[in-house]
Ligand code: HEC
C-alpha cells in the first residue's frame, strides 16, 4: 500500500513537472536575458548618470526625450515591449545605437533579451 502511494505521488509529481516545464523555460530565458541586458545594453539603457553633464545614460536620456515620461525611459521598466520590437531595434539599430550582428548577439540570445524586456508585457509575460 505504501508503495502504491509512493508511485501515485511520483506520477502526480511528473505531471506537475510537465506543466511547470514551459514556465520554467520562460523563467530561464528571462534570467539569461537579464544578464545579457546588463552586459550589452545597460551601459546606455540602465539607470544612473551618463556622460558629464548628462543626468541619465544615453539610451535612457534619448527615450526620456522621445516619450516625455509617457512611457518609462528605462527599457527594463517598459510594459509595452514585445520580443519582435526588441529584435527589430537590436538587429537594425537606431540613432547612435548600432545594429548587433548575429556573431555579437545570437538569435537565441536575442530571444532571451526579448523574453526579459517583454516580461512585464501582459500579452507576453505568461507565454
Ligand atoms: C550606445 C548606446 C546604446 C546601446 C549600447 C544600446 N542602445 Fe538601445 N537605444 C539607444 C538610444 C540612444 C536609443 C533611442 C534612439 C531614439 O532616439 O529613438 C535606443 C533605442 C532602443 C530601443 C527602442 C525603444 C523605443 O521605444 O524607441 C530598443 C528596443 C533598444 N534600444 C534596445 C536595446 C537593447 C536590447 C540593447 C542591448 C542589446 C541596446 N538597446 C543597446 C542607445 C543604445
Say whether the condition of being in a helix (DSSP H, G or I), at pLDDT 95 or above and near the ligand (Cβ under 10 Å from one of its atoms) is met by at least one residue in region 20-32. no
Residue within region 92-103 that is in contact (Cβ under 8 Å) with a residue 12 or more places away in the chain, under 18 Å from residue 39 (Cα atoms) and more than 10 Å from the ligand (Cβ to nearest atom) present: no
Positions within region 58-76 being more than 8 Å from the ligand (Cβ to nearest atom) and either over 18 Å from residue 110 (Cα atoms) or free of Cβ contacts under 8 Å to residues at least 24 places away in the same chain (or both), in sequence order: 60, 64, 68, 69, 70, 72, 73, 74
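The values are calculated or read from the model by the stated rules, or taken from the named source; none is laboratory data. Predicted model, so just to flag it, every value in this text is computed and none were measured. Virtual Cβ from ideal backbone geometry, glycine too; neighbours counted across all protein chains shown.
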